[in-house]
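A quick write-up on the structure given underneath.
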Amino acid sequence: MSRIIVVTSGKGGVGKTTSSANLGMAIAKLGRKVVLVDADFGLRNLDLLLGLENRIVYTALEVIARECKLDQALVKDKRQPNLSLLAAPQTRNKTVITAAHMKALVEVLSRYFDYVLIDCPAGIESGFQNAIAGAKEAIIVTTPEISAVRDADRVVGLLEANRITDIKLILNRIRPAMVRNNDMMSIEDVLDILSVKLIGAIPDDEQVIVSTNKGEPLVLSDKPSLAGTAYENVARRLEGQEVEFLNLEVPPKGFFAKLTSWITGNS
Ligand code: ADP
Ligand code: MG
């Protein structure tokens, strides 16, 4: 049985696309066949985050319009062949695409892939309705900010109204030092408001921005990063593994330098 999961949030800029790219890649690394569907029609950027933008010939729009075959529009990642991308159209009139089109599309995809991950646009209008149309599960991404959490709560209600009740939460861009100083909501604070199960806690990590600019999801990098590891853990939890949550506290700046100089006697 394949899984059709929409990655959504309500609010824009909270990390849906970042989470889709990293999760898709991390699940593919675990040996599952994954297709990432960019449902952010008009503002696509999942292709950029994956570094696949130059390989796109056809998009979901041509597939729906029957102007190309599905496999002509799927871009297979050369670094990780278990991962494919179905890009969003950027130029043409997007209003012609309906929820019924999207539902049919993801259902076809689910015959060929273990996971269909749908990157949802911001907002709760037609783009959102299209993105959730064929989904059986949802991952809500939020940051620990009250406006994002409130939008996430609204989206939980809308998903449930659309009979999507398997909803999990990724809390993104956590800054432990701010949480410690009571300047940011803690994981517990957010979970008190949103009654959904936490599947990932991702730190705010500048490596995310570096990887975005390189078109290489963090989970592909050889350099270990806290955010990359956190995303790999989400993938394993989705696969049903019990994985402890990371301690997001980073040692204070200069800690490693001091430790090295102490070990080498150069202090
Ligand atoms: P959305 O798809 O929800 O609009 P994006 O995934 O495009 O959000 O992310 C918005 C911005 O936030 C991007 O510039 C991205 O690099 C940055 N970002 C996302 N997650 C993190 C993180 N954990 N740490 C640092 N920056 C992040
Ligand atoms: Mg996005």
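Key figures for this structure:
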{"quantity": "Two-decimal Rg/Rh across the range 80-162, once Rg and the Kirkwood Rh are taken from alpha-carbon atoms", "calculated": "0.98"}
{"quantity": "Estimated inter-spin distance, L43 and K197, nm [label 7 Å along Cα→Cβ]", "calculated": "3.1"}
{"quantity": "Whole-number percent relative contact order across the range 1-135, with pairs defined as alpha carbons under 8 Å at least 6 apart", "calculated": "41"}
{"quantity": "Protection-proxy order for peptides 227-233, 181-187, 49-55, each taking the mean of Cβ atoms within 10 Å per residue, highest first", "calculated": "227-233, 49-55, 181-187"}
{"quantity": "Inverse of mean 1/r across different Cα pairs in the chain, Kirkwood, Å", "calculated": "19.0"}
{"quantity": "Å² per residue, accessible surface of the chain at 1.4 Å", "calculated": "51"}
{"quantity": "FRET E, pair E125, E249, Förster distance 25 Å, beta-carbon r, rounded to 0.05", "calculated": "0.05"}
{"quantity": "Sites K223 and R79, calculated FRET efficiency, Cβ-Cβ separation with R0 22 Å, nearest 0.05", "calculated": "0.90"}
{"quantity": "Projected label distance in nm at E137 and I209, using a 7 Å step from Cα toward the beta-carbon", "calculated": "3.2"}
{"quantity": "The range 188-237: translational diffusion in µm²/s, Stokes-Einstein, Kirkwood Rh over Cα pairs, 10 °C, 1.306 mPa s", "calculated": "132"}
{"quantity": "Rough spin-label spacing in nm, given labels placed 7 Å along Cα→Cβ, for E67 and T98", "calculated": "2.0"}
{"quantity": "Carbon plus sulfur fraction of accessible area for the range 105-235, probe 1.4 Å, in percent", "calculated": "46"}
{"quantity": "Flagged links, alpha-carbon separation over 27 Å, of K136/K214; K69/K214; K197/K223; K103/K214; K16/K223; K33/K69", "calculated": "K136/K214; K69/K214; K197/K223; K103/K214"}
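The values are calculated or read from the model by the stated rules, or taken from the named source; none is laboratory data. Note that the coordinates shown come from a computational prediction; the quantities given were computed from them, not determined experimentally. When we count neighbours, we look across all protein chains shown, and the Cβ atoms used for this are built from the backbone with ideal geometry, even at glycine. Keep in mind that these areas ignore ligands, DNA and RNA; they rest on the heavy atoms of the full protein, side chains included. Shrake-Rupley method; radii C 1.70, N 1.55, O 1.52, S 1.80 Å.
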